[in-house]
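The values are calculated or read from the model by the stated rules, or taken from the named source; none is laboratory data. Treat the numbers as computed from the prediction; the structure is a model and nothing was measured. Counting neighbours? That spans all protein chains shown, and the Cβs are built from the backbone with ideal geometry, glycine included.
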Amino acid sequence: MVGCMKRFVAFVALLGLGAASAFAETREEVQNRVDNATAVLHEIMAAPDKGIPQEVLEHAKCIAVVPHMIKGGLVFGAENGKGLATCRTKNGWSAPAFFAITGGSWGLQIGVEGVDLVMIFQGDTGMQRLISAKFQLGADASAAAGPVGRHATANTDWKLNTEILTYSRAKGAFAGITLTGADVRRDDDSMGAFYGHHVTTRSALLGEIAVPASAERFLNAVRGAKEDAHVAAEK
């Protein structure tokens, strides 16, 4: 009887492993996310009057993008959204690290189906939030709607008192948005699928690994966003 129970437990465990494998992401799926995040940054900065201000981008320690989260309804949460982030290092922007975001109150956005999320992490503390296994916006890390336009307002509260500035784009409209209660956690499955071997979030964001060629377009979009904002601010 004991032997039968052991075999049954082993069988159930194998079924669980099989199910997990079935839901594991492929490298192509993760690469699509990288490409979509790249497109989001290009499109946002194509309209500088409604984009992320130059001062915010210059002050950013890390930039994170969650492309096209599918949601809907009157008041919705970001369920199973997935994105990627890069941080400044002494040698430039880092290789990307992947993360997932779940939950959170986004306020009234009636009928919205596709939402792009951009998060600007300010200072070393903000970067450490990304490196950690998990944190919650509004509880573990202060977060607020980011300013929009060619220049940030004269009010410097966005720079001094907020670790993370959040933006959303839905149906072409881009605006700062308050995102409270959302959990952000590292996405080890996507990291493994993208890099093909074990790479930690810490080693990626601290610049300890080389940037893969497949991530260069995303980093160029990050660099280009800063340049676009600077040019727009001078006009």
Yes or no: residue 187 at pLDDT 70 or above and within 15 Å of the chain's Cα centre (by Cα)? yes
Condition met for residue 51 (modelled with pLDDT of 90 or more and under 25 Å from residue 97 (Cβ atoms)): no
Can you find even one residue in segment 199-211 that is at pLDDT below 80 and not in a strand (DSSP E or B)? no
Could you identify the single residue in 105, 21 that is hydroxyl-bearing (Ser, Thr, Tyr) and at pLDDT below 55? 21
Output for Cβ contacts, cut-off 8 Å, separation at least six or different chains, first residue touching a residue at least 60 places away in the same chain (Cβ under 8 Å) and over 12 Å from residue 130 (Cα atoms) in segment 182-204, second of a type in the set (D, E, K, R) and crowded, with 16+ Cβ neighbours inside 10 Å, reads 189/25; 190/25; 190/33; 190/82; 193/25
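Residue by residue, here is whether (1) surrounded by fewer than 21 Cβ atoms within 10 Å (Cβ to Cβ); (2) hydrophobic (A, V, I, L, M, F, W, C); (3) at pLDDT 70 or above; (4) part of a strand (DSSP E or B) holds:
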residue: 148; (1), (2), (3), (4): yes, yes, yes, no
residue: 153; (1), (2), (3), (4): yes, no, no, no
residue: 167; (1), (2), (3), (4): no, no, yes, yes
residue: 192; (1), (2), (3), (4): yes, no, yes, no
Keeping to segment 24-39, report how many residues are part of a helix (DSSP H, G or I) and at pLDDT below 90. 0
In segment 62-99, which residue that is at pLDDT 90 or above and out of contact with any Leu (no Cβ under 9 Å at 6 or more places or on another chain) is nearest to residue 130 (Cα to Cα)? 84
Kindly list the number of the only condition in (1) farther than 17 Å from residue 56 by Cβ; (2) out of contact with any Lys or Arg (no Cβ under 9 Å at 6 or more places or on another chain); (3) aliphatic (A, V, I, L, M); (4) at pLDDT below 90 that fails for residue 133. (2)
For residue 16, indicate whether it is in a helix (DSSP H, G or I) and modelled with pLDDT under 80. yes
